[in-house]
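Let me begin by presenting the structure, written as structure tokens, before commenting on it.
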Amino acid sequence: MTLKPLYFSSLAAALASAVAVGQGDLFVNPEAEENAIARFASPKERLGRALFHDARLSEPAGQSCASCHDANFASTDPDQWTPTSQGVNPKLFGSRNTPTVMYMAFSPALRFNEKEGLYEGGQFLDGRAATLEEQAKGPFLNPLEMANTSRQQVVDKVRAADYAPLFKRVYGANAFSDTDAAYDRIADAIAAFERTRAFNTFTSKYDAYLAGKAKLTGQELRGLALFEREDKGNCAACHASRPAADGTPPLFTDFTYDNLGVPKNPHNRFYGMKKQHNPDGRKFVDRGLGAFVNSPAEDGKFKVPTLRNIALTAPYMHNGYFMTLKGVVDFYNTRDTKPVCPQEFLAEDEAIKKGCWPAAEVAENVNRDELGNLKLSEQEVDDIVAFMHTLTDGWRPENANRRPEKRD
């Protein structure tokens, strides 16, 4: 895609001025996050953190927001060997890979950009929630996730929680008197927490490099150049790699939507769910944005993810088809040059062995202008992957020679 303007909230300027690369608290584990939030956050943000981590708010108890948005995995599912997330009921799985919450405070509400002729913004992979607040309301009542049957059930659990006095302190003595209003307040507090530095740290090696506080290796510099070159990777067309006009560090997403031609994932356990959850079985097709906006022209399109912390967030794509970053870049590079596999359901490793790629889950609207035949050498693929490893938050000079313990 052509580079497009980003529509930031006032959060952008505040974070850009507040974050000093290589200084301050980093949220690389829950304990560090908790300590820093306790020192610096407002009462509402501390309440939001308590709600986010409360595993009693599912039915039955056992799953919290943090269960699928773990701080140690850049706010994604810690079970990286399952392509889609398990619900509080261990026999139930959703249809999609859990997206990160990090940096999603910058995503504008879903809108159709008339000038560019495309959708941008929103929350969830299909944009069906306009704001962080609306997104926070969804998992509590999703039968494949936290599985509560009503808003009242969630509100009653919060009313009985040890942090209920804090809830009343933030929202008033009558904060629980109206169920719908109380439910909205729960989402409001969670969203406030998600707007804190716990989710928006800008502390990667690349941030330090932009600030003149770190040097990239030769391979990382080659990868950056390939990432940005329009005649090579062209990754920056959708994953903007330079600061915004207002000084906001690069978010590595333009919050638009694309059909990348990703195949069906044979390991997606949603295919085996009972008819009440998936009446189509293995014939299920995820239409993505197209289903939400009721437009076949948008079928198969999913929100462009941020590449920040991408080395920590495997598996990749809406259905978790790819296990490694190298596999993703190789797919972008060779999708349209390798033959189509005869099997509809073929995992990434088997497809690589056979020298083919399975057909796209949704054949319409596939982006064939900017990927599919990038003509990258194997070394160039490795260089781009090396650069993406510089986007992991929590970088310190003393860790310059360490890389995340990932499959790449």
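The values are calculated or read from the model by the stated rules, or taken from the named source; none is laboratory data. No experiment lies behind these values; they were computed from the predicted model shown. Note that we place each Cβ from the backbone using ideal geometry, even for glycine, and neighbour counts take in every protein chain shown.
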> So how many residues does segment 367-401 have that are not charged (D, E, K, R) and not in a loop (DSSP other than H, G, I, E, B)?
Replying inline: 12
>> Quick check on my filter: what residues within segment 167-194 are among the charged types (D, E, K, R) and touching a Leu at 6+ places or on another chain (Cβ under 6 Å)?
In response: 194
> Quick one: residue 214 ticks every box in (1) hydrophobic (A, V, I, L, M, F, W, C); (2) outside any helix (DSSP H, G or I); (3) under 24 Å from residue 107 (Cβ atoms) bar one, so which box is it?
Replying inline: (3)
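Which one is nearest to residue 254 (Cα to Cα) among residues in segment 117-131 that are in a loop (DSSP other than H, G, I, E, B) and touching a residue at least 60 places away in the same chain (Cβ under 8 Å)?
If we filter segment 117-131 for residues that are in a loop (DSSP other than H, G, I, E, B), which is where we start, we get 117, 121-122, 124-128, 130-131.
If we keep only those that are touching a residue at least 60 places away in the same chain (Cβ under 8 Å) too, we end up with 121-122, 124-128, 131.
Values: 121: 8, 122: 11, 124: 15, 125: 13, 126: 14, 127: 13, 128: 17, 131: 16 Å.
Among those residues, the one meeting the criterion is 121.
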> Wholly within segment 12-116, which helices (runs of 4 or more DSSP H) include no fewer than the required count, namely at least 1 residues that are modelled with pLDDT of 95 or more?
Replying inline: 43-52, 65-68
>> Could you list, ordered by first residue, the pairs with Cβ atoms under 9 Å in which the first is in segment 277-297 and not assigned by TED's automatic domain parsing to the domain that holds residue 345 and the second is in a helix (DSSP H, G or I) and surrounded by fewer than 12 Cβ atoms within 10 Å (Cβ to Cβ), at least 6 apart or interchain?
In response: none
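Which of the following residues is surrounded by 17 or more Cβ atoms within 10 Å (Cβ to Cβ), more than 24 Å from residue 103 (Cα to Cα), not hydrophobic (A, V, I, L, M, F, W, C) and not assigned by TED's automatic domain parsing to the domain that holds residue 95: 274, 264? Step through it out loud before you land on a result.
On the way: 274 fails: surrounded by 17 or more Cβ atoms within 10 Å (Cβ to Cβ).
Selected residue: 264, the only one of 274, 264 that is surrounded by 17 or more Cβ atoms within 10 Å (Cβ to Cβ), more than 24 Å from residue 103 (Cα to Cα), not hydrophobic (A, V, I, L, M, F, W, C) and not assigned by TED's automatic domain parsing to the domain that holds residue 95.
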> Restricted to segment 122-149, and to residues that are among the aliphatic types (A, V, I, L, M) and touching a strand residue (DSSP E or B) at 6+ places or on another chain (Cβ under 6 Å), which residue is surrounded by the most Cβ atoms within 10 Å (Cβ to Cβ)?
Replying inline: 125
> Do we have residue 182 as within 21 Å of residue 108 (Cα to Cα), assigned to a helix (DSSP H, G or I) and in the same structural domain as residue 61 (by TED's automatic domain parsing) here?
Replying inline: no
> Restricting the search to segment 158-169, which residues are assigned to a helix (DSSP H, G or I) and either surrounded by fewer than 20 Cβ atoms within 10 Å (Cβ to Cβ) or not assigned by TED's automatic domain parsing to the domain that holds residue 109 (or both)?
Replying inline: 159, 164, 165, 166, 168, 169
>> It is to be established whether one or more residues within segment 365-383 are at pLDDT 95 or above and closer than 17 Å to residue 206 by Cβ.
In response: yes
> Within segment 217-243, how many residues turn out to be assigned to a helix (DSSP H, G or I) and not aromatic (Phe, Trp, Tyr)?
Replying inline: 13
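Looking at segment 214-246 only, could you name the residues that are of a type in the set (Ser, Thr, Tyr) and farther than 21 Å from residue 305 by Cβ? Spell out how you get there, then give the answer.
Our first condition is that a residue be of a type in the set (Ser, Thr, Tyr); within segment 214-246, this holds for 217, 241.
Hit for segment 214-246 is 217, nothing else.
Residue-wise test of (1) aromatic (Phe, Trp, Tyr); (2) within 29 Å of residue 291 (Cβ to Cβ); (3) buried (at least 17 other Cβ atoms within 10 Å of the Cβ).
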{"position": "320", "(1), (2), (3)": "no, yes, yes"}
{"position": "326", "(1), (2), (3)": "no, no, yes"}
{"position": "349", "(1), (2), (3)": "no, no, no"}
{"position": "355", "(1), (2), (3)": "no, no, no"}
{"position": "358", "(1), (2), (3)": "no, yes, yes"}
{"position": "363", "(1), (2), (3)": "no, yes, no"}
{"position": "369", "(1), (2), (3)": "no, yes, no"}
{"position": "378", "(1), (2), (3)": "no, no, no"}
{"position": "390", "(1), (2), (3)": "no, no, yes"}
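For segment 196-211, which residues satisfy the criterion of being assigned to a helix (DSSP H, G or I) and either surrounded by fewer than 22 Cβ atoms within 10 Å (Cβ to Cβ) or of a type in the set (D, E, K, R) (or both)? Write out each step before concluding.
First, the residues of segment 196-211 that are assigned to a helix (DSSP H, G or I): 205-210.
If the condition is that a residue be assigned to a helix (DSSP H, G or I) and either surrounded by fewer than 22 Cβ atoms within 10 Å (Cβ to Cβ) or of a type in the set (D, E, K, R) (or both), then 205, 207, 208, 209, 210 are the ones that fit.
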